[in-house]
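For reference, the structure discussed in these notes is given below.
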Amino acid sequence: MSGDLRTDAPAPPKGQPAGLWVLIFTEAWERWSHYGMRAILILYLTAPVALGGLGMDKPQAAGIFGGYLLAIYLFALSGGQIADRFLGAKRTIVLGGLLIASGQLLLQVRSLNGLVASLVLISIGTCLLKPNVSASVGRLYTKEDPRRDGAFTFEYMGINLGAMIAPIFCGYMAEQPTFIAFLTRLGLHSPSGWSWAFGLSGFGMLLGLVNFVLRRNLIVDVNLPEGQKEAEPRGLGFLVILLLVLLASAWMVIGGRNWPIQLLGGAAASVGTMAAVSWLLRKGIVQGRAAATTATGEAVATPSLTPEDFKRLGVVGMMLCFSMTFWAVFQQAGSSLNLFAKEFTQRVVFGFEIPASWFQSVNAVGIVLLGSVFAWLWTRRAGKWPSSPVKFALALLFAALGFYLLVPASLIAQAVPGQVTKVGMGWLGGVYLMHTIGELCLSPVGLSYVSKLAPKHMSSQLMGAWFFATGLGSYLAGKAAGLMGTIPLAVLFGFCATVALAASLILWVLVSPIIRRQMGGHS
């Protein structure tokens with residue numbers, strides 16, 4: 001008779017929800033927009049005016065580049081608040097996409113103020129779109145759903161398709177004289193290809209936005225109690241004021257002449273947003289997360305944090321500090337490594353000079369090739385070693401190994417004072433391989449980890465905090481790039497590698513056991 005016994009436990013869900021592919025497609029085009037522009041930005045800033053660039057020196061260009069990276073991630077915390085308290089995730093994503101596309105098109109204006117204005121719009125748009133796409137992916141699953149980690153890795157693979165292809169097309173338009181010759185044959189006289197490359201980036205964002213608007217109904221939050229739906233927008237007047245404050249703060253961060261002004265702008269935006277939302281909540285002008293209405297339209301109160309929630313938030317805070325260190329190394333891809341490819345790397349193959357910006361696709365190629373392997377690996381090892389903190393430590397280790405490779409390459413390149421000896425492309429290839437493995441150990445796993453630990457009504461805000469830490473690390477990456485012309489490259493890359501290695505050992509040996517105890521034996 002025992003063979004006839006049955007349990008009522010539901011079978012594990014199979015396949016991925018349709019909403020996941022809508023979000024992946026949307027973010028793939030947003031990443032096309034971002035990485036297409038990012039691949040050529042510092043090259044455009046440092047290119048001579050005669051070649052269509054802005055003719056900046058490296059410290060100034062790196063300052064703007066680092067400020068831009070800081071802004072697009074730092075204000076993500078505000079993007080989470082706007083979605084949770086004012087508009088809801090879907091409306092916030094649409095608004096963000098519109099601002100990004102507008103900023104990309106504004107890059108056609110060849111002036112410093114035009115550049116800063118365009119980067120401000122792109123950064124605010126990104127802060128509205130990116131954390132809410134990731135949060136929406138998390139809401140497609142319950143916290144116990146075994147598909148969650150794999151979904152975030154699939155998201156990472158999807159967005160890297162855009163990141164892989166965009167630098168190739170945009171870089172060719174921006175750097176290759178053959179593209180200008182092609183335009184001339186068509187009767188389109190253009191002194192450079194920068195404007196065409198930036199325009200192509202903006203076009204990608206428009207495609208992603210159209211996809212999202214047409215298919216947004218497929219995105220369903222399975223964690224909402226039955227009968228609840230996304231609330232109508234509230235407090236729009238206050239939202240307009242908040243957006244104006246964010247725009248002004250972003251101008252300080254990107255256009256600031258020195259780091260105190262840049263960080264002051266970021267702090268003002270973050271603290272101001274939190275203070276404003278807290279006041280609006282006390283006054284009852286806005287509610288908790290924008291799904292908080294019943295079928296009859298009655299508002300649902302925001303739940304209070306429990307002691308368990310505070311423990312989880314403490315763990316998230318510790319992990320964010322280590323992720324910031326990783327991004328301080330990894331995000332030098334668009335600045336230090338881009339300039340290294342331009343100035344110190346032999347790029348001629350069979351008479352064709354490979355654009356320096358094409359190296360920005362190498363990481364994305366690695367993600368696409370290895371992403372499914374890591375998705376399978378992390379799903380197979382769910383609940384076993386390595387724990388999420390150990391995966392973070394592995395990411396830092398691979399980041400360190402990548403930059404240690406650049407130490408001998410730099411010694412070769414600068415062996416003769418005042419003379420450059422260009423090195424083979426394999427050095428950069430090795431760096432990108434190490435960093436890609438590190439990224440797959442940290443980023444998709446980190447997003448899943450944060451969404452899993454987040455209280456339900458704070459999911460967008462903690463996704464914003466994740467990108468906040470990424471922004472601070474990215475800003476440090478930009479500051480490091482500004483040192484390229486002032487200290488030996490071997491010293492610069494060796495120092496960055498040693499910091500990452502030290503952080504890896506501290507996390508693995510000291511912090512990981514603390515987190516395990518904090519979480520009751522689970523990490």
Share of Cα-Cα pairs in region 373-518 lying beyond 24 Å, as whole percent = 42
Nonlocal amide H pairs with VAL423, under 5 Å, H built at 1.01 Å | THR345, GLN346
Using the beta-carbon distance between GLN414 and GLU144 and R0 = 45 Å, what value does 1/(1 + (r/R0)^6) give for FRET efficiency, to the nearest 0.05?
-> 0.25
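Find how much the distance from SER111 to GLU353 grows on full extension, using 0.36 nm per residue of separation minus their present alpha carbon separation; answer in nm with one decimal.
On the way: separation 242, 0.36 × 242 = 87.12 nm, distance 2.87 nm.
Contour length minus Cα-Cα distance gives 84.3 nm.
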Label model pair LEU377, VAL240: point-to-point distance (7 angstrom along the Cα→beta-carbon line) in nm is 5.2
Total lysine pairs whose alpha carbons fall under 25 Å of each other in region 371-517 (8 or more apart, or interchain) | 4
What is region 381-507's relative contact order, in percent, from Cα pairs under 8 angstrom and six or more apart in sequence?
-> 46
Efficiency by 1/(1 + (r/R0)^6): what FRET value for GLN176 and LEU505, r their Cβ-Cβ distance, R0 = 60 Å, to the nearest 0.05?
-> 0.85
Alpha carbon centroid spacing (whole Å) that separates region 399-476 from region 330-394 | 8
extent check for region 96-255: Cα max minus min per principal axis, descending, whole Å, gives 61, 37, 27
Where does the charge balance sit around LEU489 when Lys and Arg score +1, Asp and Glu -1, over other residues with C-beta under 15 Å from its C-beta?
-> +2
Listed residue (GLY36, ILE64, ALA89) projecting farthest to the positive dipole end of region 29-90, Cβ model | ALA89
Taking r as the C-beta separation of LEU218 and CYS321 and R0 as 51 Å, the FRET efficiency to the nearest 0.05 is 0.90
If packing is taken as the mean number of other Cβ atoms within 10 Å per residue, what is the order of 130-138, 447-455, highest first?
-> 130-138, 447-455
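Where a number appears in this text, it was derived from the coordinates with a stated rule and is not lab data. Just so you know, these numbers come straight off a predicted model, no measurement behind them. For neighbour counting, all protein chains shown are included, and Cβ atoms are generated from backbone atoms with ideal geometry for every residue, glycine included.
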